[in-house]
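Here's a structure for you.
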Amino acid sequence: MSDDPFPLPASAFRPFAWDPRYSPCVPTVTLDGHSAHHSLCALLRHADELFTVECSSPGEAVSVIEYLLAICFAAGVCPGSDEEWRDWIESGRDLSPAADWLDRRPDDDWDLFHPSAPLGQSSELAGDFGESSTGTAQLVIEHAGDYNQHFDHHHLERAHPLPAAEAFRAMLTQHAYGLYGRARISGKRLGAKVTNLAAGRLNGRIRVVALGRTLGETLRLNLYPSDGPTGTLNTSWTTPDGFRRRRFEGPSEPRTPEGPADLHSALGRSVLLHPAAGPGGQTMVDRVLIGAGEVLAIDQERHSQDAVFATTAGGVRKPLWPSPTRALWQDAHALYGAVRDDRTGLYARLRSLRLRSDDAGAPYQLWAVGLLANKTLPVIWTYGSYPYAPHMERHLYQASYRGSVLAEYLAWSLRKAAVIAAETAFPAMRTADEAGQVARLDARQMFWPAAEEPFYALLDEVIDRGPEEDDPVSEPCIAYAALLLKTARAHLLQRLDALHLLSADNNLARARAVQLFENLVTARKAPAELRGETAHG
């Protein structure tokens, strides 16, 4: 599997031509656990011999999957109805017709370094390239930051060539997840608005990808019946593909996607990559320039079939978003609630699947991915995989909801204990010092990471018990609560060790904190599972 079955065409031998249809460009894991790199054609032709794509970040992996979906839609390889979709999943529909379609495309449309229509890029940036281009750090979301990692931008000028394959995947990630902000291009030639970067289509929300047991099944799960023409693939800003590309002289006019192929391959950035020869003769990228790209008019109900909607504190309903204060797994019940309740879209289709006789454990995963950012500065990728088995959405919702409630109540109790400990140990502390003193004694920062793995184990236990059991949730939830309670107690005592000096105030502070915690976790208002009881309602 590590040898790509598609040789480079003759056109690839001209200087710096690079075609991802035939060049191994995506790292994968085979079904037997080995790593391999595959071209786009090979990924689609051998999708059911591969387990998954294995990229440098969750966002990059999502962006590659988005691109493969776009190719399938452009090739017309997609189900025509929800019933056909289910048949595709159950029969394991072959995706190689998409590879055949891709193989027939004109070579010039797929050259990453084509002089006038480079793949996924805009040759219109060429006039500004000499003045404004930087090293490759600008291309990689995690490397570029907000351009202020070093005040003189020296990191952006540093020579750090990327292999063409890595640059290609980083470009796809920029198109999907790029942050808003200011581009490093003057705008004197193309127009001032080329400097105004809009947030990418997947930025600011949680993208949910249904994962199957093979890459092929993953793609089939996430393909869907189009409510109109499947559309045309975006190959280049300057390709005469029928799209009316934006100009940069004035404010952008968002355009409605012309079908799912357009949607999933949208050019969220205008990008230009400069090729160079690597030390071994391999094709590299050594300079890049990025400007504003397309802005799409997204109808969340129509164009975001994976979206799980939630309501903000201000009452705004929008797709679930990455949170700096709330771990993603605490909202897993929202995903299961969508599978349980949605009447159309991805989650309704997942609910329609049948449990197969050979299914052991969870045949599917709901993989949720988001980019957490502080304004224009990317902070961290937040992600999690949540198991799903057909006909268990109600049980999984109940388990994930109760699991979140239990963890939050214990965390709240730990916070209360920290506050009473600080007030007792430091009765004369100033208001300005209170937050710091409480933080010293607050066990939540240790508790939350420790609670995550037991939560996943809870979901697995519920699935292992199966839909045939009358109540596969209550006993696992009680066991989960006991484990979390033990963990919380241990972390509380460890944090209270900060009061190590022997004094009457410190001893009293420890005693009062422990007593308050025990009172809270045994109170009648506490979750029933903490008392070893089954929750009702």
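Of all residues in the stretch 221-268, count the ones that are assigned to a loop (DSSP other than H, G, I, E, B), open to solvent by less than 50 Å² (accessible area, probe 1.4 Å) and over 17 Å from Ala117 (Cα atoms).
Total satisfying the criteria: 12.
So Thr218 ticks every box in (1) touching a strand residue (DSSP E or B) at 6+ places or on another chain (Cβ under 6 Å); (2) at pLDDT below 95 but one. Which box is left unticked?
(2)
Given the criterion closer than 25 Å to Arg158 by Cβ and either modelled with pLDDT of 95 or more or hydroxyl-bearing (Ser, Thr, Tyr) (or both), identify the matching residue among Ser304, Ser236, Ser270.
Ser270
Additional query: Can you pull out the residues in the stretch 292-321 that are of a type outside the set (A, V, I, L, M, F, W, C), out of contact with any Lys or Arg (no Cβ under 8 Å at 6 or more places or on another chain) and part of a loop (DSSP other than H, G, I, E, B)?
Matches in the stretch 292-321: Asp299, Gln305, Gly314, Gly315.
Hey, can you tell me all the residues within the stretch 184-210 that are under 24 Å from the mean Cα position of the chain (by Cα) and under 23 Å from Asp286 (Cβ atoms)?
Leu197, the sole residue that qualifies.
If you take the residues of the stretch 490-502 that are touching a residue at least 60 places away in the same chain (Cβ under 8 Å) and closer than 18 Å to Met429 by Cβ, which of them is most open to solvent (accessible area, probe 1.4 Å)?
Filtering the stretch 490-502 for residues that are touching a residue at least 60 places away in the same chain (Cβ under 8 Å) and closer than 18 Å to Met429 by Cβ, the one most open to solvent (accessible area, probe 1.4 Å) comes out as Arg495.
Can you report the number of residues in the stretch 196-210 which are out of contact with any Pro (no Cβ under 6 Å at 6 or more places or on another chain) and either outside any loop (DSSP other than H, G, I, E, B) or more than 26 Å from Leu119 (Cβ to Cβ) (or both)? Don't jump to the end; show me each part of the working.
In the first step, residues of the stretch 196-210 are kept if they are out of contact with any Pro (no Cβ under 6 Å at 6 or more places or on another chain); the result is 196-204, 206-210.
Applying the additional criterion that residues be either outside any loop (DSSP other than H, G, I, E, B) or more than 26 Å from Leu119 (Cβ to Cβ) (or both) yields 196-197, 204, 206-210.
So the answer is 8.
Being in a strand (DSSP E or B) and either under 21 Å from Ala450 (Cα atoms) or among the aromatic types (Phe, Trp, Tyr) (or both) is true for just one of Pro378, Pro387. Which residue is that?
Pro387
Restricted to the stretch 512-537, and to residues that are closer than 16 Å to Ser400 by Cα and surrounded by fewer than 17 Cβ atoms within 10 Å (Cβ to Cβ), which residue is modelled with the highest pLDDT?
Residue satisfying both the conditions and the ranking: Thr534.
Within the stretch 328-341, work out how many residues are open to solvent by 50 Å² or more (accessible area, probe 1.4 Å) and closer than 18 Å to Gln365 by Cβ.
1
Those residues that are touching a Pro at 6+ places or on another chain (Cβ under 7 Å) and of a type outside the set (A, V, I, L, M), I need them from the stretch 211-223; list them, please.
Matches in the stretch 211-223: Arg213 only.
Pick from the stretch 148-165 the residues that are assigned to a helix (DSSP H, G or I) and touching a residue at least 40 places away in the same chain (Cβ under 8 Å): which of them is farthest from Ser39 (Cα to Cα)?
Here the answer is Ala164.
Having 2 or more residues that are among the aromatic types (Phe, Trp, Tyr) is the bar; report the helices (runs of 4 or more DSSP H) wholly within the stretch 430-537 that clear it. Outline the logic, then answer.
Numbers: elements: 431-441, 444-465, 474-496, 504-522.
Of the helices (runs of 4 or more DSSP H) lying wholly inside the stretch 430-537, those with at least 2 residues that are among the aromatic types (Phe, Trp, Tyr) span 444-465.
Let me ask another. Are there any pairs with C-beta distances below 7 angstrom linking a residue in the stretch 210-233 that is among the basic types (Lys, Arg) to a residue that is outside any loop (DSSP other than H, G, I, E, B), with the two at least 6 apart or on different chains, and if so which?
That search, which allows pairs on different chains as well, returns Arg220/Trp88; Arg220/Ile89.
Give the residue that is farthest from Ala348 (Cα to Cα), with candidates limited to residues of the stretch 358-375 that are open to solvent by 30 Å² or more (accessible area, probe 1.4 Å) and assigned to a strand (DSSP E or B).
My answer is Asn374.
Which of the residues that make up the stretch 390-417 are out of contact with any Lys or Arg (no Cβ under 7 Å at 6 or more places or on another chain), of a type outside the set (D, E, K, R) and surrounded by fewer than 23 Cβ atoms within 10 Å (Cβ to Cβ)?
Matches in the stretch 390-417: His391, Gln398, Tyr401, Ser404, Val405, Tyr409, Trp412.
Out of (1) more than 19 Å from the chain's Cα centre (by Cα); (2) outside any helix (DSSP H, G or I); (3) closer than 30 Å to Asp82 by Cβ, what's the single condition that is false for Arg213?
Every condition holds for Arg213 apart from (1).
Can you tell me which residue within the stretch 426-460, out of those that are open to solvent by 70 Å² or more (accessible area, probe 1.4 Å) and closer than 30 Å to Gln365 by Cα, is modelled with the lowest pLDDT?
For the stretch 426-460, the residue satisfying everything is Gln445.
Among the residues of the stretch 269-327, write down those that are farther than 19 Å from His114 by Cα, of a type in the set (Asp, Glu) and open to solvent by less than 50 Å² (accessible area, probe 1.4 Å).
Within the stretch 269-327, Glu294, Asp306 meet the criteria.
Restricting to the stretch 72-87, give me the number of residues that are more than 17 Å from Val209 (Cα to Cα) and either in contact (Cβ under 8 Å) with a residue 12 or more places away in the chain or among the polar types (S, T, N, Q) (or both).
Final tally of qualifying residues: 9.
Residues Val285, Val339: which one is at pLDDT 95 or above and more than 22 Å from the chain's Cα centre (by Cα)?
Exactly one residue qualifies, and that residue is Val285.
Can you tell me which residue in the stretch 169-217 is surrounded by the most Cβ atoms within 10 Å (Cβ to Cβ), limited to those that are more than 29 Å from His143 (Cα to Cα) and of a type outside the set (Gly, Ala, Ser)?
Of everything passing the filter in the stretch 169-217, Glu217 is surrounded by the most Cβ atoms within 10 Å (Cβ to Cβ).
Could you please find all residues in the stretch 166-195 being basic (Lys, Arg), in contact with a helix residue (DSSP H, G or I) (Cβ under 6 Å, 6 or more places away or on another chain) and part of a helix (DSSP H, G or I)?
Once the filter is applied, which keeps residues that are basic (Lys, Arg), in contact with a helix residue (DSSP H, G or I) (Cβ under 6 Å, 6 or more places away or on another chain) and part of a helix (DSSP H, G or I), the stretch 166-195 yields only Arg169.
Which is in contact (Cβ under 8 Å) with a residue 40 or more places away in the chain and either out of contact with any Pro (no Cβ under 8 Å at 6 or more places or on another chain) or open to solvent by 20 Å² or more (accessible area, probe 1.4 Å) (or both), of Ser63, Ser91?
Ser63
The values are calculated or read from the model by the stated rules, or taken from the named source; none is laboratory data. Fair warning: this is a prediction, and the values are worked out from it, not measured in the lab. Glycine also receives a Cβ, built like all others from the backbone with ideal geometry; neighbour counts cover every protein chain displayed. Heads up: the accessible areas ignore ligands, DNA and RNA and are worked out on the full protein's heavy atoms, side chains in. Shrake-Rupley method; radii C 1.70, N 1.55, O 1.52, S 1.80 Å.
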